[in-house]
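The values are calculated or read from the model by the stated rules, or taken from the named source; none is laboratory data. Quantities reported herein were computed from a predicted structural model and do not represent experimental measurements. Every residue, glycine among them, receives a Cβ derived from its backbone with ideal geometry; neighbour counts consider all protein chains shown. The area values use the complete protein model at the heavy-atom level, side chains included, leaving out ligands, DNA and RNA. Shrake-Rupley method; radii C 1.70, N 1.55, O 1.52, S 1.80 Å.
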Amino acid sequence: MRIMVIGASKGLGRALVDGLSEGNELIGVSRSRPSDLDQHVHWIEADMSEPLRAVEVIERQAPQRLDAVLYNLGIWETRAFEDGYSFLEDSDAQILQMINVNVAATLLLLKRLLPRMLGAAKPQVLLTGSTSGLPQSGRPEVTFGASKFALKGIAESLREGFRDQRLAVTCLQLGYLNTQDGLQTPVEQAAQNGEGQLIPLHDVVALVRTLLSLSDASYVRELVLPAIADERF
């Protein structure tokens, strides 16, 4: 399977590249190629904070055929998830940048990549959302939340627009992740960090493997993965 991972240099994106590399052809996309990356992984250097320029670079360098795109990219407010966060203190420039990166870049890139996916045995798009994009999130970050709600809208519309071409689109609504422990850390140890408030990257990688391995007769519309001690869910 030929899989492109957007936002692949660190955190969950890097874990997806490492965890899915066996038996698949991976194409990573980020601003720069990690120095410790397996040389067999194809990498495209593109800065999604400049969406038009980035998608042009990716379009030129991406393979002609893709089976799956994992869009794992999102930025948030400077004081997001802090007690002192206030929407009224967010700068206009920051709000526009977040919409550009989290929403506009997603739309522009999928528009260019979908023609390379349609016709595959099971074309799949996985969008990494957030529990902040769910009605019961209890979070006050306005722009980040709005952008994650937008991902769900993108997914719903893509499914209807390309249902006859059997495009499978899944939203991964993820809670807080333990991004400090990569896959090289035993999952049991990674699960202990955060005392039930953080999700090991191993769990997300395991779920993505399952989603990618489903037959072409089914797909998962939305997957909500909160931490076990997250009282919001």
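Being polar (S, T, N, Q) and either within 20 Å of the chain's Cα centre (by Cα) or open to solvent by 50 Å² or more (accessible area, probe 1.4 Å) (or both) is the filter here, so list the residues in the stretch 184-201 that pass it.
Taking the stretch 184-201 and keeping what is polar (S, T, N, Q), we get 184-185, 189, 192-193, 197.
Within the stretch 184-201, 184, 189, 192, 193, 197 meet the criteria.
Any idea how many residues of the stretch 106-128 are closer than 14 Å to residue 223 by Cα and open to solvent by less than 10 Å² (accessible area, probe 1.4 Å)?
Looking only at the stretch 106-128, we keep the residues that are closer than 14 Å to residue 223 by Cα, and these are 125-128.
Imposing the further condition that a residue be open to solvent by less than 10 Å² (accessible area, probe 1.4 Å) reduces the set to 125-127.
Looking only at that region, the number is 3.
Check whether at least one residue in the stretch 211-224 is of a type outside the set (S, T, N, Q), touching a Gly at 6+ places or on another chain (Cβ under 6 Å) and open to solvent by less than 80 Å² (accessible area, probe 1.4 Å), and report yes or no. Even if it seems obvious, please write down each step before you answer.
Initially, the stretch 211-224 is screened for residues of a type outside the set (S, T, N, Q), giving 211-212, 214, 216-217, 219-224.
Checking which are touching a Gly at 6+ places or on another chain (Cβ under 6 Å) leaves us with none.
No; the residues of the stretch 211-224 include none that is of a type outside the set (S, T, N, Q), touching a Gly at 6+ places or on another chain (Cβ under 6 Å) and open to solvent by less than 80 Å² (accessible area, probe 1.4 Å).
Return yes when residue 137 is in contact (Cβ under 8 Å) with a residue 40 or more places away in the chain, within 14 Å of the chain's Cα centre (by Cα) and under 28 Å from residue 87 (Cα atoms) and no when it is not.
Details: in contact (Cβ under 8 Å) with a residue 40 or more places away in the chain: yes; within 14 Å of the chain's Cα centre (by Cα): no; under 28 Å from residue 87 (Cα atoms): yes.
Judged against the criteria, residue 137 is not a match.
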- Working only within the stretch 135-153, note down all residues that are open to solvent by 20 Å² or more (accessible area, probe 1.4 Å) and either assigned to a helix (DSSP H, G or I) or farther than 29 Å from residue 233 by Cα (or both). 142, 146, 149, 150, 152, 153
- Task: Would you point out the residue of the stretch 56-102, among those that are β-branched (Val, Ile, Thr) and touching a helix residue (DSSP H, G or I) at 6+ places or on another chain (Cβ under 9 Å), that is farthest from residue 216 (Cα to Cα)?
- Result: 78
- Query: Which of the residues spanning the stretch 12-42 are in a loop (DSSP other than H, G, I, E, B) and of a type in the set (Gly, Ala, Ser)?
  - Reply: 21, 23, 32, 35
- Query: Filtering the stretch 167-176 down to residues that are of a type in the set (A, V, I, L, M) and crowded, with 21+ Cβ neighbours inside 10 Å, which residue is nearest to residue 81 (Cα to Cα)?
  - Reply: 174
- Query: Any idea which of (1) without any contact (Cβ under 8 Å) to a residue 12 or more places away in the chain; (2) at positive phi is the one residue 163 doesn't satisfy?
  - Reply: (2)
